[in-house]
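Single-structure report; data block below.
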Amino acid sequence: MAEIEPFRIAVPDEDLADLRHRLRATRWPETWADPEWAYGVDVAFLRDLCRYWADDYDWRQHEAALNQFAQFRTRIDGAALHFLHVRSPEHDALPLVMTHGWPGSIVEFVKVLGPLTDPVAHGGNRGDAFHVVCPSIPGYGFSGPTPGPGWDTRRVAGALAELMSQLGYDRYGTQGGDWGASIAVWLGHLAPEHVTGVHINTVATAPDAPDAFDDITPEEEQALVRVRRYMAEGAGYGAIQSTRPTTVGIGLDDSPAGLCAWIVDKFWDWSDHGGDLWRSFTRDELLTDVSIYWFTRTATSAARLYYEAAHAGTNAYRIPRLDVPTGCAIFPAEIATPSRRWAELRYNVVHYQRLERGGHFAADEAPDLFVDDVRLFFRGAGRRQLAGQN
């Protein structure tokens with residue numbers, strides 16, 4: 001068993017200088033104004049963002065903010081695994097492993113770590129406290145690139161189950177969105193005796209879910225329109241990363257402007273911004289996420305998760321039905337917004353909530369609603385099972 005060692009983020013000064021040099025040397029394409037982002041990222045928007053990244057963005061400020069949280073690295077199943085471990089002042093708090101997806105990172109959860117771990121300090125009840133373990137998926141961020149093939153979502157879930165065991169947590173909840181949702185569900189399958197409940201904010205349902213019913217409600221019709229639009233106009237990144245991740249990764253790991261375009265395009269497409277991205281995020285929030293991919297050189301290895309899951313058959317739409325109690329948080333700008341009865345085909349749904357705002361990056365975009373929903377779900381499903389065990 002590998003040691004669990006304390007970790008602090010410390011990007012070398014030469015990497016910061018190299019980033020600024022590359023940004024200032026970017027060769028920009030000739031194009032026209034595209035304020036609707038119909039052809040992809042709007043180049044004028046991106047040029048302005050990259051100018052800010054090169055000249056005004058302060059990585060050291062955000063590095064210091066992340067280093068305020070207890071961080072560790074270990075090695076499980078041959079891969080490095082970085083994680084935040086933020087313990088609650090409440091000794092009987094429920095352990096919760098909370099996992100990001102692509103193109104996210106641990107940065108997504110910074111706003112919710114305080115309210116989840118110390119609810120009393122944030123106007124809540126001590127009974128809603130969590131000990132939070134927030135990993136960087138192997139191949140992502142400060143976990144670094146995976147050492148070889150085969151790291152699909154099921155294998156990642158197995159590594160997280162081992163991590164929770166090493167941390168001494170016998171009973172715990174899981175939470176995730178995007179790939180984090182698939183990993184959370186796989187944890188429920190692999191360790192049902194340990195997982196008290198699964199909370200997901202990306203709720204994947206079977207493609208044939210509408211065929212299971214004789215009628216379709218207006219809400220379900222709207223959900224189908226969203227998914228069809230995504231498949232027709234927004235899923236190209238997934239097809240590329242599922243088939244040629246290394247090919248696209250060479251460009252992403254070499255050009256910070258290209259990496260920024262590839263990632264920020266999804267924040268635009270999957271968030272509840274109403275045409276103004278800065279209504280949902282700040283420039284610094286987006287650039288801290290992009291910077292983590294850049295400084296850790298994990299754009300390629302992160303993209304490979306799509307290939308691995310697709311070829312192993314472990315992506316969200318192929319995971320067997322889950323019997324562990326499941327909570328579904330449906331944010332309006334998420335890619336998939338299935339009805340409860342569609343979700344029940346795939347999960348043991350004991351909690352289903354449609355939220356009033358927010359999208360794919362819910363913990364970052366609507367942290368108040370995210371925290372309330374996580375608390376509400378685990379207040380029932382998780383803590384009843386946990387009573388007296390931690």
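The values are calculated or read from the model by the stated rules, or taken from the named source; none is laboratory data. What you see is a predicted model, and the numbers here were worked out from it, not measured in a lab. Cβ atoms come from the backbone with ideal geometry, glycine included; neighbour counts cover every protein chain shown. Areas reflect the complete protein model, heavy atoms only, side chains present, ligands, DNA and RNA absent. Shrake-Rupley method; radii C 1.70, N 1.55, O 1.52, S 1.80 Å.
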(request) Order the peptides 360-368, 1-9, 331-339 from the highest to the lowest mean number of other Cβ atoms within 10 Å of their residues. (result) 360-368, 331-339, 1-9
(message) Based only on Cα atoms, what mean projected area does the convex hull of segment 279-390 have, in nm²?
(response) 9.6 nm²
(message) Output needed: percent of Cα pairs per 5 Å distance bin for segment 1-61, bins running from 0 to the one holding the longest distance.
(response) 4, 14, 19, 15, 13, 11, 9, 6, 5, 3, 1, 0
(request) Can you find, among Leu113, Thr326, Val290, the residue farthest towards the positive end of the dipole of the chain? Put +1 on the C-beta of Lys and Arg, -1 on that of Asp and Glu. (result) Thr326
(request) Starting from the exponent 0.38 and prefactor 2.2 Å, build the expected Rg for the chain from its residue count and divide its actual Cα Rg by it. (result) 0.95
(request) May I ask which residue of Val43, Leu66, Thr26 lies farthest towards the positive end of the charge dipole of segment 1-83, with charges of +1 (Lys, Arg) and -1 (Asp, Glu) on Cβ and the Cα centre as origin? (result) Leu66
(message) Using a 1.4 Å probe on the protein heavy atoms only, what accessible surface does His91 show? Give it in Å² to the nearest 10.
(response) 140 Å²
(request) Once you have the Cα-Cα distance between Arg341 and Arg27, take 0.36 nm times their residue separation minus that, and quote the gain in nm to one decimal. (result) 108.1 nm
(request) Tell me what the chain gives for mean residue ellipticity at 222 nm when only DSSP H runs of n ≥ 4 count, each as -39,500 (n - 2.57), the sum divided by the residue total, rounded to 500 deg cm²/dmol. (result) -13000 deg cm²/dmol
(request) About the Cα centre of segment 219-281, how large is the charge dipole given +1 on each Lys and Arg Cβ and -1 on each Asp and Glu Cβ? Please answer in debye to the nearest 20. (result) 140 debye
(message) Binning at 10 angstrom from zero up to the longest distance, how are the C-alpha pair distances of segment 1-153 distributed in percent?
(response) 9, 27, 30, 23, 9, 1
(message) Along the Cα→Cβ direction, 7 angstrom out, place labels at Asp254 and Glu219. What is the inter-label distance in nm?
(response) 4.9 nm
(request) Normalising by the residue count of segment 21-127, find the relative contact order in percent from Cα pairs under 8 Å and 6+ residues apart. (result) 15 percent
(request) Classify segment 153-282 as rounded, prolate or oblate from the Cα gyration tensor: take a ≥ b ≥ c as the square roots of its eigenvalues, call it rounded if a/c is under 1.5, otherwise prolate when a/b beats b/c and oblate if not. (result) oblate
(message) Using a 7 Å offset from the Cα along the Cα-to-Cβ direction at both Gln166 and Thr282, what is the distance between the two label points in nm, to one decimal?
(response) 3.4 nm
(message) Could you derive backbone 3J(HN,Hα) for segment 115-131 from the dihedral phi with the Karplus parameters 6.51, -1.76 and 1.60 (θ = phi - 60°), listing whole Hz in sequence and x where the residue is Gly or Pro?
(response) x, 6, 8, 9, x, 4, 5, 10, x, x, 9, 4, x, 9, 7, 10, 8
(message) Can you compute the equivalent ellipsoid semi-axes for segment 217-341, i.e. the square root of 5 times each eigenvalue of the Cα gyration tensor, sorted largest first and rounded to whole Å?
(response) 27, 21, 14
(message) What's the ranking of 281-292, 116-127, 23-34, 263-274 by average number of surrounding C-beta atoms within 10 Å, highest first?
(response) 281-292, 263-274, 116-127, 23-34
(message) Relative contact order for the chain: what percent, with Cα pairs under 8 Å and sequence separation of 6 or more?
(response) 20 percent
(message) Taking only Cα atoms of segment 44-129, what ratio of Rg to Rh do you get with Rh as the Kirkwood inverse-distance radius?
(response) 1.07
(message) Give me the dipole magnitude in Debye, nearest 20, for the chain about the Cα centre, with unit charges on the beta carbon: positive for Lys and Arg, negative for Asp and Glu.
(response) 720 debye
(message) Give the separation of the Cα centroids, segment 137-201 to segment 228-281, in Å.
(response) 24 Å
(message) I need the peptides 249-257, 321-329 ranked by packing, meaning the mean over residues of other C-beta atoms within 10 angstrom, with the highest value on top.
(response) 321-329, 249-257
